[in-house]
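Structure first, then comments.
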Amino acid sequence: METILVQVQGSRNVVELEINRDDVDPVYRQVYRQLREAILSGALSPASRLPSSRSMARDAGVARITVVRALEQLAVEGFVESRVGAGTYVASNLPAGEMQSHIFRPALTDWGRRVRTLHHANGPLVDSSRPEIDFGFGRSFAERFPYDIWRRLLGRYLSTDDAMLSRYGSAAGFYPLRRALAEYLTQSRGVRCTPEEVVIVSGAQQAIDILARLLLEPNDEVLVETPGYRDAYALFQLHQARLVGLPVDNEGLPVDHIPADARPRLAFVTPSHQFPKGGTMPLAPRLALLAWAREREAVIIEDDYDGDLRYESSSLAALQGLDEEGRVVYLGTFSKVLFPALRLGYLVLPRALTAPFVQAKELVDRGAPTLTQAAVADFLTEGHFERHLRHLRRLYGDKRTTLVSALDEHLGRRVRYSPVAAGLHVMLYATDAVDEGQLVRDAAARGVRVYGGAPYHLERPAPPSILLGFSGLDEDEIVEGVRRLAEAWPD
Ligand SMILES: Cc1ncc(COP(=O)(O)O)c(C=O)c1O
């Protein structure tokens, strides 16, 4: 890296400009940027005379035009002024002294401060480090996505004679996608809905956020499962709700154990496949949950995040299909079955909530992107989705079998977990003596990233547990990852 020091003689000070020819910034931008900083910091005082462009260029060993371009840009922005025949001066109308002494940090609202606290507590969602084997949860297996089909479908809507992209779309979503989803959800998930009740969102997370804003006052109670979906916990807390955590058993939420004095406005549940522990809620407790919601005037959010990815028996019909009174909001996402970066999810809303939700969505972001919605609609209606799902079930089903046999072989009785009947992860429970944080660190030292289960539990101390996502790894990596994890796992 070559660095040239240039001295600019101001009326008060000497300023050094560093020019780095390896920098991605062109040289004239570097001169411009540093002169600008020198003026703002007061190192070059107002009305002081700069050396001529010729002498600066000579000092720097750069072409004169490079310095001239920098000075021209500074003149356009009002930092310097050229006086005919007399050279270039720092603008005389600028205040003397430091104009930018520190980075301004606007005061955050309570809400903004809660975002920071909750975010830090949860840890970053996106981690840039690259361990050898990462059991990250929620990845799709990119190698198997039908990119050719996807490209073709997107391409259809990228022609100049298609007026669709030159207009705002409906805030409720692209109608053909809503219609395709209504049909799919009715047939495959036992949901009862019309296309008008389906609303497209930018991922399930946005749906939870808007529902919380519409339904929760500060200090309202929200009934949640523990372990449960920590990103939903965080959003409810952001909206100042109080979480009432109910420890789940192997069949999901034990409705009989809901505290008699709890008065939740909202219940957030994963009846098809309890997240993250596993287990499916049978019919009787589902009916009991609906009866409970009726008695308590509560709304139920049914998060069906991976109901399409069931391996052994066919998927269980959604709780929403049993609801006669419009108490259940059904929530689905394309993050698992297509890919998470798509940022598309959907809701089936009870009639009474559809208009307020869509109005809120319109104010918040005007609606999900039409282009990707249109491609997904065609993906569904032309049969690619069903085919892709069959493919994924086979692919992930094989990975799951590999994972389970590796766990049996290498960890055996040291761990407990529910049958992996669906989804892309398994939650492993250790004996109470195991130090979860140490286990995560010891696995990391062996090149394997695993995720501690504590943030998914509301009980304190949380039972030591590890969340393993298997969808982003191939079968060899799964076996090797479990083998190394077992080395780190105390007996
Ligand atoms: C329980 C649960 N619900 C919903 C989602 C989907 O969230 P989104 O659609 O915002 O990607 C996930 C993703 O990880 C999840 O684990």
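No lab work stands behind these numbers, since they all come straight from the coordinates. Since we're looking at a predicted model, the values are computed, not measured. Virtual Cβ from ideal backbone geometry, glycine too; neighbours counted across all protein chains shown.
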Explain nothing, just the number: relative contact order of the chain, from Cα pairs under 8 Å at least 6 residues apart, as a whole percent. 16 percent
Could you derive backbone 3J(HN,Hα) for region 79-96 from the dihedral phi with the Karplus parameters 6.51, -1.76 and 1.60 (θ = phi - 60°), listing whole Hz in sequence and x where the residue is Gly or Pro? 7, 10, 9, 9, 10, 4, x, 10, x, 10, 10, 5, 3, 7, 8, 8, x, 6
Scan around Val80 for amide H atoms under 5 Å from its own, H built in the peptide plane at 1.01 Å from N, and keep only partners 5 or more places away or cross-chain. Ala75, Ala91
Interchain or long-range residues, amide H under 5 Å from Phe275's placed H: Thr270
Calculated over region 344-472: convex hull of Cα atoms, volume per residue (Å³): 192 Å³
Add +1 for every Lys or Arg and -1 for every Asp or Glu among the other residues with Cβ under 9 Å from the Cβ of Thr381, and state the total. -2
Spin-label point model (7 Å from Cα, Cβ direction): what's the Arg242 to Leu40 distance in nm? 4.7 nm
Can you give the net charge of the other residues whose Cβ lies under 13 Å from the Cβ of Arg64, counting K and R as +1 and D and E as -1? +1
Specify the angular offset, from 0 to 90 degrees and rounded to the nearest 10, of the alpha carbon long axis of helix 204-215 from the longest principal axis of the alpha carbons in the chain. 80 degrees
In degrees, nearest 10, range 0 to 90: what is the angle between the Cα axis of helix 384-410 and the longest Cα principal axis of the chain? 80 degrees
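Within a Cβ distance under 9 Å of Val90, other residues only, what is the Lys/Arg minus Asp/Glu net charge?
0
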Rounded to the nearest 5, what % of DSSP beta bridges with both residues in region 243-375 are antiparallel? 40 percent
Let me check I have the definition right: for region 181-328, take the eigenvalues of the Cα gyration tensor, multiply each by 5, take square roots. What are those semi-axes in whole Å, largest first? 22, 18, 15
CD proxy, 222 nm, the chain: helix-only mean residue ellipticity via -39,500 (n - 2.57) per DSSP H run with n ≥ 4, per residue, nearest 500, stands at -12000 deg cm²/dmol
So what's the angle, to the nearest 10 degrees on a 0 to 90 scale, between helix 175-189 and the longest Cα principal axis of the chain? 30 degrees
May I ask you to derive the relative contact order of region 387-488, considering only C-alpha pairs under 8 Å and at least 6 residues apart, and to give it as an integer percent? 34 percent
With just the Cα atoms of the chain, tell me how far they stretch along each of the three principal axes, in Å, largest first. 91, 57, 51
Among rounded, prolate and oblate, which fits region 402-473 when a ≥ b ≥ c are the square roots of the eigenvalues of its C-alpha gyration tensor, a/c under 1.5 means rounded, and a/b larger than b/c means prolate? rounded
Let me spell out the model: positive unit charges on the Cβ of Lys and Arg, negative unit charges on the Cβ of Asp and Glu, origin at the Cα centre of the chain. What dipole size does that give, in debye rounded to 20? 1240 debye
Normalised by the number of residues in region 150-260, what is the relative contact order in percent for Cα pairs under 8 Å and 6+ residues apart? 17 percent
Considering amide H positions built from the backbone, and no H for Pro or chain starts, which residues 5 or more places from Val299, or on another chain, come under 5 Å of its amide H? Leu266, Ala267
Would you please calculate the Kirkwood hydrodynamic radius of region 142-184 over all C-alpha pairs and express it in Å, rounded to one decimal? 12.5 Å
For region 29-107 and region 394-431, distance of Cα centres in Å: 64 Å
If you scale each eigenvalue of the Cα gyration tensor by 5 and take the root, what three semi-axes come out for region 3-90, rounded to whole angstrom and sorted largest first? 19, 14, 13
Note to self: C-alpha centroids of region 282-360 and region 451-491 sit apart, in Å, by 28 Å
